[in-house]
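Colleague: Can you read through this structure? Questions will come right after.
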Amino acid sequence: MNDDTLVLVVAAALLASAYKVWQLSLDAREAANRIARETCSRAVVQFLDDTVAFAGFRLSRDARGRRRVLRTYTFDYTNDGFQRAQGFIVLSGRRLEAVGLAAMRREREPQHRSAHAFHLLGRRAATG
């Protein structure tokens with residue numbers, strides 16, 4: 001085998017490995033999106049932006065001592081249509097390791113913000 005052939009074989013192996021990592025990442029993100037939708041549905045909150053964001057990864061060991069990549073994703077949700085809160089998902093491959101939702105702060109006096117904003121906009125238009 002000459003040097004050119006060896007370079008081509010190594011380049012093909014690197015491309016195949018990069019494609020496999022990319023495909024596994026897409027599969028994990030798809031699983032995280034599904035889990036986020038299901039979690040929000042069960043918690044009776046609205047899943048915002050219809051997607052998760054990759055927050056990071058780390059190596060860990062499973063119960064058998066094998067190394068696994070843990071991927072963490074975050075997502076936004078709301079229970080009132082005004083305040084955003086953030087949830088998280090931790091996956092090992094496509095398997096769920098952990099999921100959580102942040103506690104939502106409650107306002108003391110609920111306001112009809114859209115009506116209030118419309119009133120302010122109407123007043124400015126009338127005076128300007």
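Colleague: Using the Cα centre of region 3-107 as the reference point, and only Cβ charges (+1 on K/R, -1 on D/E), how large is the resulting charge dipole? Debye, rounded to the nearest 20.
Modeller: Using Cβ point charges on Lys, Arg, Asp and Glu, region 3-107 gives about 580 debye.
Colleague: Going by amide H atoms built from the backbone, whose H comes under 5 Å of the H on VAL45, apart from near neighbours?
Modeller: Here nothing satisfies the definition.
Colleague: What percent does the relative contact order of region 1-80 come to when contacts are Cα pairs within less than 8 Å and at least six residues apart?
Modeller: Worked out over region 1-80, it gives 24 percent.
Colleague: Can you tally the net charge around ARG61? Count Lys and Arg as +1, Asp and Glu as -1, for every other residue whose Cβ sits under 12 Å from the Cβ of ARG61.
Modeller: Net charge in that neighbourhood comes out at +4.
Colleague: May I pose another question? Under 5 Å between amide H atoms, partner at least 5 residues away or on a different chain: which partners does GLY93 have, H built in plane at 1.01 Å?
Modeller: Amide H neighbours of GLY93, under 5 Å, 5+ apart: VAL69, ARG71.
Here, each number is a calculation from the coordinates, and none is a lab measurement. What you see is a predicted model, and the numbers here were worked out from it, not measured in a lab. Ideal geometry is used to build each Cβ from the backbone, glycine not excepted, and the neighbour counts take in all protein chains shown.
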